[in-house]
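To start, the structure under review is shown below, and the notes come after it.
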Amino acid sequence: MPIKKVLVVDDSPTERYFLTELLTKSGYSVSAAENAEEAALKLKSATPDLILLDVVMPGQNGFQFTRALSKDPATQSIPVIICTSKSQQTDRIWALRQGARDYVSKPVKPDELLEKIAALG
């Protein structure tokens, strides 16, 4: 299934803006949330084809939210790409164990992110 709708979840307004601009210019429909709680509310009204998810956020972190998404039958089919400043190999492994499909370290390289999204579609 081709990816058209993306939900960007990041507590940084700068990162949300950067990712939204990049994805919109690349032809994706983008919605954004600043934390897992807001993202969960958005998921109740619209299902994206992909979630780009930060790890370090207030409240529920990205690892916890990924695990919750992967256990919920309503959301477990939505691929998650972790997009974070945490760049250790152990963070990558942990993200994938929680159910993420891929992992991108910040600062995000636009071409790398778009290639990873295309590979999922």
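Some notes on this structure:
- Peptide packing for 48-57, 87-96 was compared via the average number of neighbouring C-beta atoms within 10 Å per residue; ordered from the highest value, the list is 48-57, 87-96.
- Three-way shape label, the chain, alpha-carbon gyration tensor, a/c 1.5: rounded
- Restraint check, Lys44/Lys106; Lys25/Lys71; Lys44/Lys109; Lys4/Lys86; Lys44/Lys86; Lys4/Lys116, Cα-Cα greater than 25 Å: Lys44/Lys106; Lys25/Lys71; Lys44/Lys109; Lys4/Lys86; Lys44/Lys86
- Descending by average beta-carbon neighbour count within 10 Å, the peptides 59-68, 9-18, 37-46 line up as 59-68, 9-18, 37-46, the highest first.
- J(HN,Hα) series, region 106-121, from Karplus relation 6.51 cos²θ - 1.76 cosθ + 1.60, nearest Hz, glycine and proline x: 7, x, 5, 8, x, 4, 4, 5, 5, 5, 5, 5, 4, 5, 6, x
- Close amide-amide hydrogen proximity is noted between Met57 and Gly62, each under 5 Å apart and 5 or more residues distant or on a separate chain (H modeled in the peptide plane; Pro and chain starts excluded).
- From phi via Karplus (6.51, -1.76, 1.60), per-residue ³J(HN,Hα) for region 23-37 in Hz, x at Gly/Pro: 6, 4, 5, 8, x, 8, 8, 10, 10, 9, 9, 9, 7, 5, 4
Read-outs: derived from the displayed coordinates by stated rules, not from any lab. Every value quoted in this text rests on a predicted model; they were computed, and no experiment measured them. Using ideal geometry, Cβ is built from the backbone for each residue, glycine included, and neighbour counts are taken over all protein chains shown.
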